[in-house]
């Protein structure tokens, strides 16, 4: 991707992604599209745990390290972590990836099922016995937004989902970088736009809508190489009328940047 400008909408690991782009000779254009906003109500967490004491959940699903740590921080603050640990010990504990695994092991929580690489919802569901969900109470630690695929699958098999909100994704406080990205796309100054979540796509179009440039943004993206980290992100982009040219396999940051580099090199060779 030598001398190609790659727009990065990632927030949490945006600097890491920019370093990878530079490693391949590309020029990163940073426009963070998400803000991670704490959304923990310790009093509500305490109410939930009291309710769970009367009617214990059968399964706990932890999706992120951030959310797992936030839950324990809330129970620590209320002095009820021992109650939570007792509930976890009596239930089946499912984790989506290494980060929630590390957070739980730091609390000596037994892990019964762990999703395999690349740690998506598909792998979580593959580990679970879906036929045994009928009538089961399933606590799902939310990760920024509702995991619709996970929730609907559990409910379709007769389970009852209890979603625990610990943080949410929103527009960044400063949307100027996104506005600059939309303007740069209009000028055809961007070669690739790399999306690493569905929420980034939705937020970019929200900012464009506020600027009166939603249609212009869609047209600009049709002239630009659009890269997606995986199927969920791709589906969101397609719903917005955006065609994805590159999709990472597996859906991870490193493979995404590698796929962009390979595609750009192939284009340069043909030209």
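Below is a table of values for the structure above.
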item	result
Pick from segment 248-269, criterion buried (at least 19 other Cβ atoms within 10 Å of the Cβ) and over 15 Å from the mean Cα position of the chain (by Cα), ranking: farthest from residue 120 (Cα to Cα)	264
Top-ranked residue in segment 1-48 [being within 22 Å of the chain's Cα centre (by Cα) and over 19 Å from residue 256 (Cα atoms); ranked as surrounded by the fewest Cβ atoms within 10 Å (Cβ to Cβ)]	38
Top-ranked residue in segment 40-56 [being touching a helix residue (DSSP H, G or I) at 6+ places or on another chain (Cβ under 7 Å) and in contact (Cβ under 8 Å) with a residue 60 or more places away in the chain; ranked as nearest to residue 12 (Cα to Cα)]	40
Cβ-Cβ under 6 Å pairs, at least 6 apart or on other chains, segment 118-131 side more than 15 Å from residue 252 (Cβ to Cβ), far side part of a helix (DSSP H, G or I) and at pLDDT 95 or above	125/153
Count of segment 166-181 residues which are in contact with a helix residue (DSSP H, G or I) (Cβ under 6 Å, 6 or more places away or on another chain) and under 14 Å from residue 30 (Cβ atoms)	2
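Conditions tested, residue by residue: (1) in contact with a strand residue (DSSP E or B) (Cβ under 6 Å, 6 or more places away or on another chain); (2) buried (at least 22 other Cβ atoms within 10 Å of the Cβ); (3) assigned to a loop (DSSP other than H, G, I, E, B); (4) modelled with pLDDT of 95 or more.
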residue	(1), (2), (3), (4)
161	yes, no, no, yes
178	no, yes, no, yes
200	no, yes, no, yes
204	no, yes, no, yes
207	no, yes, no, yes
216	no, no, no, yes
235	no, no, no, no
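The values are calculated or read from the model by the stated rules, or taken from the named source; none is laboratory data. Bear in mind that the values here come from a model prediction, so they are computed numbers and not experimental data. Every residue, glycine among them, receives a Cβ derived from its backbone with ideal geometry; neighbour counts consider all protein chains shown.
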